[in-house]
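First comes the structure, then the notes that go with it.
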Amino acid sequence: MSPRPVEPGRIALVTGGGSGLGRASALALFDAGWSLVLAGRREEALKETVALAGADPARALAVPTDIRNPGEVTALFDAVRDRFGRLDLLFNNAGAAAPRRPIVDTPVEDWHRVVDTIVTGAFLCAREAFRLMGTQSPRGGRIINNGAPSAQVPRPNTAAYTAAKHALLGLTKVLSLDGRAHGIACGQIDVGNVAPLDGGPQPAALQADGTRAVEATIPVERFTEALLLMASMPLDTNVQSLTVLPTTMPFVGRG
């Protein structure tokens, strides 16, 4: 199934838009006809994404934002409202990782950084999106949360990351339920191993049996194609969850 054409004037907000999957998603959305608001902590990186898109300044806005900060998130959505007057898609992409350690060796600072970014950041952005999408005209919009296979099954030594992605899945479900009253659809995309965007080799990953293995990857285009499909659905249709990963990646029965 191919993505539907984007209606003129559709506005998307991508968090973590200065690098990685956030940058790739932003470029794909822009190419598909969306106007963009990019949020992230590094202003120069956001501007680089805009430059890579060759974006018409009228269709792109970079807003440096720490999504863990409620005041900065409010200011971000004020900027969306002031520039575009509405929001049709929020892609909660921003994330954080921590070194993989046994839980007894995991600093509480790592826990807070990962959980605050992935869970609290998504909550704060979704709360503001509900306020805007629920009152704009036409009413409604879509929220897509960037999960991970770890939202369903863990990898070894990833207490903070796995807990955060499980929590994000719960948030996705309640936003999907509560969004019904406001014309807001919410789903989650869980992507497996994407080939390193810098062209480098895929590092070996610790397996549940204690061995290490270099796992299969997919090109980032497989991820952005899936994201565009979810984003292009009319609001009376929702892709509640979508898992896209290499066919041979350890996942089903992982561990």
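The values are calculated or read from the model by the stated rules, or taken from the named source; none is laboratory data. If you're wondering where the values come from, they're calculated on a predicted model, not measured in any experiment. Positions of Cβ are backbone-derived with ideal geometry, glycine not excepted, and every protein chain shown enters the neighbour counts.
The condition (being touching a helix residue (DSSP H, G or I) at 6+ places or on another chain (Cβ under 6 Å), at pLDDT 95 or above, among the hydrophobic types (A, V, I, L, M, F, W, C) and surrounded by 15 or more Cβ atoms within 10 Å (Cβ to Cβ)) is satisfied by just one residue among L29, L46, L90, L76: L90.
For E221, state whether it is modelled with pLDDT of 95 or more and either part of a loop (DSSP other than H, G, I, E, B) or farther than 17 Å from L13 by Cβ (or both). Give the derivation first.
Numbers: modelled with pLDDT of 95 or more: yes; either part of a loop (DSSP other than H, G, I, E, B) or farther than 17 Å from L13 by Cβ (or both): yes.
Against the criterion (modelled with pLDDT of 95 or more and either part of a loop (DSSP other than H, G, I, E, B) or farther than 17 Å from L13 by Cβ (or both)), E221 qualifies.
In the set Q188, Q202, only one residue is touching a helix residue (DSSP H, G or I) at 6+ places or on another chain (Cβ under 9 Å) and within 30 Å of D31 (Cα to Cα); that residue is Q188.
When the residues of region 129-174 are filtered to those that are basic (K, R) and buried (at least 23 other Cβ atoms within 10 Å of the Cβ), which remaining residue is nearest to M233 (Cα to Cα)? Among those residues, the one meeting the criterion is R142.
Any residue that is exposed (fewer than 15 other Cβ atoms within 10 Å of the Cβ) and either among the basic types (K, R) or in a loop (DSSP other than H, G, I, E, B) (or both) - is there at least one of those in region 52-68? The answer is yes; a qualifying residue exists.
Suppose we keep only residues that are over 19 Å from G20 (Cα atoms) and surrounded by 18 or more Cβ atoms within 10 Å (Cβ to Cβ) within region 93-114. Which one would you say is farthest from the chain's Cα centre (by Cα)?
Let us first name the residues in region 93-114 that are over 19 Å from G20 (Cα atoms), namely 100-112.
Still in the running and surrounded by 18 or more Cβ atoms within 10 Å (Cβ to Cβ): 106, 110.
On the way: T106: 25, D110: 20 Å.
Only one residue tops the list, namely T106.
Checking every residue in region 198-217 against the condition of being in contact (Cβ under 8 Å) with a residue 60 or more places away in the chain, assigned to a loop (DSSP other than H, G, I, E, B) and either among the charged types (D, E, K, R) or out of contact with any Ser or Thr (no Cβ under 8 Å at 6 or more places or on another chain) (or both) gives zero matches.
Yes/no matrix, rows are residues, columns are (1) touching a residue at least 60 places away in the same chain (Cβ under 8 Å); (2) under 20 Å from G140 (Cβ atoms):
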{"position": "V14", "(1), (2)": "yes, yes"}
{"position": "S19", "(1), (2)": "no, no"}
{"position": "A28", "(1), (2)": "yes, no"}
{"position": "R41", "(1), (2)": "no, no"}
